[in-house]
Every structure is written in structure tokens, then in C-alpha cells.
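Working notes, structure below.
The values are calculated or read from the model by the stated rules, or taken from the named source; none is laboratory data. All values derive from a computational prediction rather than experimental measurement. A quick note on method: Cβ atoms are made from the backbone with ideal geometry, for glycine too, and the neighbour counts reach across all protein chains shown.
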Amino acid sequence: MSTLLDIENLWVRFPTRNGIFDAVRGVSFSLGRERLGIVGESGSGKSMTGRAILRLIRHPGIVEADHINLHGENLLAKSERDMRKVRGEQISMVMQDPKFSLNPVMTIGDQLIEAHRLHAKATKAEARKKALEMLEAVSIRDPERVMGAYPHEMSGGMGQRIMIAMMLIPNPEILIADEPTSALDVSVQGQVLSIMDRLVKERGMGLIFISHDLNLVSQFCDRVLIMYAGRIVEVCDANRLHEAQHPYTRGLLGSLPRFDAPRPRLEVLQRDPSWRDAPSVEGRT
Amino acid sequence: MANFATETERRPWLPLPPWARGTLVTLSSIAVTMLGLLFVTFLIGRVMPIDPVLAIVGERATEEQYNAAYRELGLDRSLAVQFFYYVSDVLRGDFGTSLLTAGDVSSDFARLFPATFELATIGILFGCILGVPLGVIAAVRRGSWIDQIARVIALVGYSMPIFWLGLMGLLLFYGILGWVGGPGRQGIFYEDMIPSVTGMILVDSLIAGDWAAFRDAFSHIVLPASLLGYYSLAYISRMTRSFMLEQLSAEYITTARVKGMSEWAVIWSHAFRNIRVQLITVIALSYANLLEGSVLTEIIFAWPGIGSYITTALLSADMNAVLGGTVVVGLVFICLNIFSDLLYKVFDPRSK
Amino acid sequence: MSMTSQTPPSSGGQSLRQWLLSDTPTSRRQARLSALYQGWLALRQNHMAMVGLAILVVLISIALFAPLIAPHDPFVQDLANRLQPLGSEGHLLGTDSLGRDILSRLIYGARITLYIVALVALIAPVVGLLVGTISGYAGGWADVILMRITDIFLAFPRLVLALAFVAALGAGIENAVLAISLTAWPPYARMARAETLTIRSSDYISAIRLQGAGPLRIIIKHIWPLCISSLIVRVTLDMAGIILAAAGLGFLGLGAQPPSPEWGAMISEGRRFILDHWWVATMPGLAIFAVSLAFNLLGDGLRDVLDPKDSAS
């Protein structure tokens, strides 16, 4: 499997009043045409990793890495103008809550059309057609009505599907999904995930799935990276998650309630300060 | 069966579609506020220690003359009846007679209004055209020197008395530097030389094709208009900055960047689009404030508008003029507020 | 156990500062003082706010010690020495059209400014708080009527209404204060009502109501304390506008009457001589500017400390 993305020694730092805070500390991994999950609690640095790849982290945040290679080209060396070509066209991102991640005063149609015309010279009519196609691809049944509607009129599940449609219009190779289902009702989560899954497979894309939900990630992804305090503490294949070695991962697994194996007490995760200091595990296949 | 009865009882008592009901509620709300305004001015007029009858008949009037005038002014009737007549007068546009000009207060207003309108309008244009971009840039380049300057401009605007700044401006730009015309709308030479079409000298001189007069009028209006414009600029830039900061930290801005948009496109097509409606409210409010500001400014620049009319009337206790001015300015305020509320409802898709 | 910690220990073990910064206050008094102290520390970091505070302290001292500081009597006329420029002998800021020392008049004028500020700051927020909390808590017709009245006063242009009031009541400093207060209270009523409505529906209010607390107790002991912080911020920020309004009224001759050294009236007196003797009108304006600026800076700082979500700066 060819490597799409290769990241070596990524650091993300934020200067604060009390010194410099390291959100991501020396993370290295690669991504092929696979579904890679990044799991961690709040503050583990998983979201920052995703944003750093797209170089969305702005001053005063500092992003450093040996390289962030997309098809061998180091993204960190690119100018902002070149990065704008990368964003959307080669790497895209779906965010958590469509209520907030869609522009409330633009119609959905206008936002979709904009997504297309940013990376392709198309007339409004052509862009409109493409937008309708995409909406149908994410199983939206009444695409014409949705085109003229506003984001606040959409339910959570529909909003997230629209978001996926919008982000896939320019045909990127890599999709970063930052907690895409965390704001959705459980009943709708599965639907949105299956749509995302189908599209990623159809287009042969690479997917980075960022979440705090270990269960979800283990079902949905091929490989899982577990992050803690800005470092990767473990890498394993999703179907071998139960064989995980690191005490943090075991602790996470142990604290999940299970219907088929009920226990009188759930484990409380005991954090070992040494996890913070151990070097980051390399997440390459 | 019992449920059916209560259901019919609960139906709204006005069989109108919701939009009509909404408009009716708004209109009645406006009417009540205006009535309240009139009531307050009415009370003020009745509270004064100066006897309005004496003001008309003079101190040497006989008792009969006094009583006759008393009855003619309607002061012998009950307060409620007096209020009723007051309101009906106002609705007909009759604010009484001015002691100073001996004319109708309402015709005085009509005559003087264009001058104030011209001044306030140019002021607000100044404030908007400079204030909005300043606010946007201050928000985008937060903490930079532009942001600091914007902050200083706003602080000064909120702390300096407008009449004093106007005086200083006259001293500097007219007295010392001689860059602008002095008090008044026109130089003596140009007075009454332009046929009055709209009452706004800038416009009228353009219509008459008289460039010299236009330049003269401009040199006289530029200082007071800039003065008003400065205060408007301070307010508008501050609010714009505040609105933009709110938008720039929103998630949809990140989405726009992820889509590959350039930063300026993100700022104007996305963030700014979200504050347009709020800005309209701010600008309307600022315009109303400028009308108020003109009260203190016109007197400094000998600008013959409504502001100086009210202040002159104040100093001579010409209550009809003062109260009339209060009502008119108050009505303009209310109308501007309603106007901006309406625009909000029309332009913000979320309020539908 | 709790008894021993109610008074700050003055020796041994903990210093006063440590007691104030303690994470575990053992009495309500300690918790309150601690919150105040920490708020003060946060405010102190804001240099601009400290400048504002310093100016206000200077203003208050000047007003208090006016008879001791002022080089001359502010009312004494000296027609031989009219319109002396800045830096003249014995008159640091020159003299006005009647030969009175401008510096001394400014100093005594500080008293008038302080008087106006104090009175309005006492009347308007209190009235607003009362109207707002009663309106918000009682609801129903009382709410509708009180809010209608508030809206009517809010719909008025503040300065023009104050002008009309003073014109009717007659010029004078008390009438000016009254007129300004009458136009200043509505925003506080609105704010207090909004806070009351939010608090009224919270669970702990229901809890104490179940315990038998009457509306008066609830309003005074529970709702008012929570309104106070936003009220303080708003009042401080409004002070600048109030000073400017008072100066405007003074300028129009509607405030303190001559020969009172009110700053706005001084500008009006000096207006005639602006082109040749500019300092007569300029100095009082600078004083007004300094005080308004001080209130604005302090108010901004207080807002950052007390209502951080509103500051957006």
C-alpha cells in the first residue's frame, strides 16, 4: 500500500502566560489508503495533530516537524499560497458540529458551489450540478430543497452529511475527520459513518479518524494510534486491539462497559506519570 | 367533548395570519412608546415653574386678560383633556408657536431640518466608510499597532466632550491653520446666492452648477461633519471589531480555510457576511446619536439646524420649541430603532 | 475548628496574603475577602486600568483637599489681570475673562464633578436595580408596565431629554443631576431584569422558597448580589458618558450656575476668547477628558476582571 502521508517528529507548541505548553510532542506516523484512527482523551493532542497537518494552526501556535510529507513533498516547506491548493484539493477535514462548522447566513447550495469553484474553473451551473451530485452521493433525498436551505434548518445528521459532501467535492485524497459523530445522536451516528466509509472506499482515499471513542474507532478503522499527553503510546491493528500492551490502552479498554461481559465495577484509569515522559511510538505500518 | 371546548377557547382571539399579528403587535408597541414619549414631554411642559400664561400676556396684563388667555390655552380643563388635545395637535403636526421666531414650531423645523440632515448624513458616511474597515482590520490583526490605534481612537471618542473638541478643531483648523471655513454654512459672500432646492447647500450648489459655492459650502461643512464623523467612527469601529472577533473564532471560519480559501476571502465573504445585519443596527444607532450630538455641535459652528434651534430655545425658555424638538428627535430615534429591527428580521435567515 | 480561622492571623504561620489567597476558605468572610483580593490582583495587571484608577484617586484627593491645594480663591476677580496666558506669575494655567485663576477654578470644579458623579451613581443604578428586579421577579402586569415605562425612557435621546427636563425645572446643579439620572436608569433596569429572570428560574431559588423565604429576602439576599458585578462594570463605563452629559449641560448654562467653577460652564465662558486666549476654554476640556478617560480605562479593566466573556478584547 502506497504511503500518502508521512509525518516525522511533529511538535505543536503554544506560548502561554505560564510558559510554553506542548500540545503535541514528537509524533510520527504514516498514512496509506487506509482508515487510521487516532484515539485519546481531551488534551491528548489528537485534534492538534489533525490541524497541524493542514497547517491550520496560526500564530502564536508553533508547528515544527522533521517533515510532513504528502507524496514525498514536505508541506511545511510550502508557501501559504501553495498550501491553499493542498487544502480541499488534496487534504480535507470534517469537523465535529455542523451547527457551528457551516456558515449560518449562506445557503447550503452556495457553500457547496464555493467548495467546488475554489479548486476547479466551473460555471455556476456546472458547480450547481456537481453539488447536487454530491448531495445525492451522501444519501440526501431532496437535494434541490437542501441547496436553497440554510444550515440551521438541517438536523444534525443531515448537516454532517452535507459537511462530508462539501469536503469531498474537490476530490481530495485524504480526509481528516475530527470527532465527526460526537455531536450526533447515537441513532444517526451509524448512518453518517457508513456513508463516510463508503465514500472513502469508493474513492480510494486515506482517512484519519480522530475520536475519544475507542469502541467506535476499533469498529470503524483499520489501524489505531493511541495518544496520551501529546505522544503516541501505542499502535495496533484495529482487530487486534484487545491484545494491546500499553497500560493506558488497557486501562481505556477496561473502563468501557460491555453488555456481553458485565462486571460489578468498572476500572478507573490509573495514570502513570512515566507515560508522559516515554518517547513517542512510531505509528508506521 | 370537554377537550373540544377548551381547544376552541384557546385559539388566538385575532383571526389573522401570524405575520399580520406580528406587525399589529409591533405597531401597537410603537404607538404606546410614542404615546409615552408625548406624555413625558407633556408633563415636562406642565412642570415648569414659568407660567406660560404670563409669558404670553406679559406681566402687566389685567386679571381678565390673564383669565382669557388661561382659558384659550386650555389650562382650565382637566389634565387628561389637555393631554388629549396635546396629542391630537402633535399628530396634526402642530407643536405650537415659538416665542422667539413667532412662527409655527413645525414650520421652523421644516426649514431647519435640511441643515442638520446634511451634517449628520455626511458625518455618518465618514464614520461608516472609515470605521467599518478599521474595525475589521483591528479584529483581523488583533494586538497589532492598527488595533492599538483603533483602541486609542475609540477611547478618545468615548472620553472627549464633543463641543470642546469642536472648539479645538475650530481653533486649530480655522483659527491657526486657516484650512477650513469658519462657523456657519457658507461664507458671507455666498449667502443666498444659490436657489434652494433641497435645502442642502452641497446638493443645491451642484444642481446650480456653481463650483465656487460648492467648494465654499464644503469648506464649511468639512470640520463639523468630521467632528460628528469621528464620534461615529469611534463607536462603529469598536462594534465592528467586537463583532468580527466573535465571528473569527467560530468553527465555520476554520471550515472556510480548510476549503482552501484565501484569508481575505474568508474575512469578507464569510465573517463579514455574518455581521452585516448587526452592523446595520449599529449604524442606525450611531445615526441617532449623531442627531443628538448635533445639538451641542451646531451651536459651536453656528450651524442653523435643529440642534441650535433647540439650544437657543432652551436659553430663552421657549418651551414649545424645546418640547417640540424633544418630540421630533425622540420620534426619529424610535423610527431608526424600528427600522433597524425590521432590517434585522429581513436579512437574518435565522430569524425566519 | 472554624472559629479559630475567622480572624486573619497576624503572626506566626500564615501571613495576611497567604490567608487571602488560601484555596480553602473557612468562613464566608474569608471567601469574600479572598475573591476581592484576587480580583484586585487581576485588575492590577492591567496597566491602563491602573492609570485610570490613579487619575481617579488624584481627582478625589484634589476635590477633598481643594482648599489646601488651590493657590487662589476660585471666586475672587482681578480685572487688572484678565486673560493672562499659561505660566504667568502666580497663575500656572492663566486667568479667565474676570481675572480668576484657572488652576484654582479647575481644582474646585473637581468637587462639582465628583458631586455630580456620586449623586448620579447613587440614584440611577439603585432606581434601575429596583425597577429591574421587581419587574423581573414579580412578572405579570407589574413587569409589563414597568418595562413599558423603561422602554419609553430608553427610546428618548438622553441628552435632549435631560435638556428638556432642566429647561422645565430651571437651571441648577441639582436639577441637572436629576435630569441626567432620569435618563440614565433605564439600561440598568433592563440589565437587572435580565439577570433576575435568569436567576429566578434556578433550582436553588426554588429550594430556598420551599424553605419559606419570601420574595423580599430572595431579591435582597440572592438576586441583588449577583446583579452587582455587572452593574458595577456598567456604572463605571457609563460614568464617562454622564460626565460628558453634565459638562454639556454646564456648557449650555443649565448646570451649576455662575460663578460656580463647573468645568463645562468654564468652557462656555472661554468660548468667546478661543481664538486669542485659547487656554481659558482648553484647560477645563482637558480636565473633563482626563476624568472621562480614567473612568473608561477603569471600566474596561473591571469588565475584563468581572465579566470576561463580554470583553472580547
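Polar (S, T, N, Q) and touching a residue at least 60 places away in the same chain (Cβ under 8 Å): is that true of A:Q96 in this structure? Please lay out each step first, then the result.
Values: polar (S, T, N, Q): yes; touching a residue at least 60 places away in the same chain (Cβ under 8 Å): yes.
Yes, satisfied.
Return the only residue of C:G285, C:G270 being within 10 Å of another protein chain (Cβ to nearest Cβ), buried (at least 20 other Cβ atoms within 10 Å of the Cβ) and more than 15 Å from B:M160 (Cα to Cα).
After ruling out the rest, the residue left standing is C:G270.
Given region A:31-125, what helices (runs of 4 or more DSSP H) lie entirely inside it while holding 2 or more residues that are surrounded by fewer than 19 Cβ atoms within 10 Å (Cβ to Cβ) and under 19 Å from the mean Cα position of the chain (by Cα)? Break it down into steps so the answer makes sense when it comes.
Numbers: elements: A:46-53, A:80-89, A:98-101, A:108-117.
Qualifying helices (runs of 4 or more DSSP H): A:80-89, A:98-101.
Conditions tested, residue by residue: (1) away from every other protein chain (no Cβ under 11 Å); (2) out of contact with any strand residue (DSSP E or B) (no Cβ under 6 Å at 6 or more places or on another chain); (3) at pLDDT 95 or above; (4) within 26 Å of C:I242 (Cβ to Cβ).
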| residue | (1), (2), (3), (4) |
| --- | --- |
| B:I129 | yes, yes, yes, no |
| B:G143 | no, yes, no, no |
| B:I146 | yes, yes, no, no |
| B:I149 | yes, yes, no, no |
| B:V152 | no, yes, no, yes |
| B:L155 | no, yes, no, yes |
| B:P161 | no, yes, no, yes |
| B:W164 | no, yes, no, yes |
| B:G169 | no, yes, no, yes |
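Any idea which residue in region B:309-352 is surrounded by the most Cβ atoms within 10 Å (Cβ to Cβ), counting only those that are in contact (Cβ under 8 Å) with a residue 12 or more places away in the chain and among the hydroxyl-bearing types (S, T, Y)?
B:Y309
Would you confirm whether or not region B:111-121 contains a residue that is crowded, with 17+ Cβ neighbours inside 10 Å and closer than 26 Å to B:A271 by Cα?
Taking every residue of region B:111-121 in turn, none turns out to be crowded, with 17+ Cβ neighbours inside 10 Å and closer than 26 Å to B:A271 by Cα.
Would region C:253-266 turn up any residue that is crowded, with 24+ Cβ neighbours inside 10 Å, within 14 Å of another protein chain (Cβ to nearest Cβ) and among the charged types (D, E, K, R)?
Yes, region C:253-266 contains at least one residue that is crowded, with 24+ Cβ neighbours inside 10 Å, within 14 Å of another protein chain (Cβ to nearest Cβ) and among the charged types (D, E, K, R).
I need a count of the residues in region C:138-157 that are under 22 Å from the mean Cα position of the chain (by Cα) and either more than 22 Å from B:G45 (Cα to Cα) or within 7 Å of chain B (Cβ to nearest Cβ) (or both). Full working, then the answer.
Here is the first cut: in region C:138-157, the ones under 22 Å from the mean Cα position of the chain (by Cα) are C:150, C:153-154, C:156-157.
From what's left, either more than 22 Å from B:G45 (Cα to Cα) or within 7 Å of chain B (Cβ to nearest Cβ) (or both): C:156-157.
Total satisfying the criteria: 2.
Which of the residues belonging to region A:266-284 are among the hydroxyl-bearing types (S, T, Y) and free of Cβ contacts under 8 Å to residues at least 12 places away in the same chain?
Initially, region A:266-284 is screened for residues among the hydroxyl-bearing types (S, T, Y), giving A:274, A:280.
Residue satisfying the conditions is A:S274 alone.
Of the residues C:Q84, C:Q30, C:Q38, which single one is modelled with pLDDT under 85, in a helix (DSSP H, G or I) and surrounded by 15 or more Cβ atoms within 10 Å (Cβ to Cβ)? Outline the logic, then answer.
Values: C:Q84 fails: in a helix (DSSP H, G or I); C:Q38 fails: surrounded by 15 or more Cβ atoms within 10 Å (Cβ to Cβ).
Going through C:Q84, C:Q30, C:Q38 in turn, just one is modelled with pLDDT under 85, in a helix (DSSP H, G or I) and surrounded by 15 or more Cβ atoms within 10 Å (Cβ to Cβ): C:Q30.
Tell me, which helices (runs of 4 or more DSSP H) lie completely within region B:244-352 with 3 or more residues that are over 26 Å from B:Q186 (Cα atoms), touching a His at 6+ places or on another chain (Cβ under 7 Å) and within 13 Å of chain A (Cβ to nearest Cβ)?
Details: elements: B:251-258, B:273-300, B:306-315, B:319-347.
It comes to B:251-258.
Identify the residue in region B:137-190 that is of a type in the set (A, V, I, L, M), surrounded by 22 or more Cβ atoms within 10 Å (Cβ to Cβ) and part of a helix (DSSP H, G or I) and, among all such residues, is nearest to the chain's Cα centre (by Cα).
The initial filter retains those residues of region B:137-190 that are of a type in the set (A, V, I, L, M), namely B:137-140, B:146, B:149-150, B:152-156, B:160, B:162, B:165, B:167-168, B:170-172, B:176-177, B:180, B:188.
Next cut, surrounded by 22 or more Cβ atoms within 10 Å (Cβ to Cβ) only: B:138-139, B:150, B:154, B:160, B:162, B:167, B:170.
Going one step further and asking which of them are part of a helix (DSSP H, G or I), we end up with B:138-139, B:150, B:154, B:162, B:167, B:170.
Values: B:A138: 27, B:A139: 28, B:A150: 24, B:A154: 20, B:I162: 16, B:L167: 22, B:L170: 24 Å.
Ranking the qualifying residues of region B:137-190, first place goes to B:I162.
Could you please give the count of residues in region C:158-181 that are within 23 Å of C:T236 (Cβ to Cβ) and surrounded by fewer than 20 Cβ atoms within 10 Å (Cβ to Cβ)?
Qualifying residue count, region C:158-181: 1.
I'm trying to understand the selection: among the residues of region C:155-174, which are without any contact (Cβ under 8 Å) to a residue 24 or more places away in the chain and under 25 Å from C:R111 (Cα atoms)? Lay out the reasoning, then the answer.
Let us first name the residues in region C:155-174 that are without any contact (Cβ under 8 Å) to a residue 24 or more places away in the chain, namely C:155, C:157, C:160-161, C:164-165, C:168-170, C:174.
Result: C:F165, C:L169, C:G170, C:E174.
Looking only at residues in region C:205-214 that are surrounded by 13 or more Cβ atoms within 10 Å (Cβ to Cβ) and within 29 Å of C:A124 (Cβ to Cβ), which one is modelled with the lowest pLDDT?
The qualifying residue modelled with the lowest pLDDT is C:A213.
Would you be able to say whether some residue in region C:222-243 is without any contact (Cβ under 8 Å) to a residue 12 or more places away in the chain, surrounded by fewer than 16 Cβ atoms within 10 Å (Cβ to Cβ), within 14 Å of another protein chain (Cβ to nearest Cβ) and within 29 Å of C:N46 (Cβ to Cβ)?
Scanning region C:222-243, I find no residue that is without any contact (Cβ under 8 Å) to a residue 12 or more places away in the chain, surrounded by fewer than 16 Cβ atoms within 10 Å (Cβ to Cβ), within 14 Å of another protein chain (Cβ to nearest Cβ) and within 29 Å of C:N46 (Cβ to Cβ), so the answer is no.
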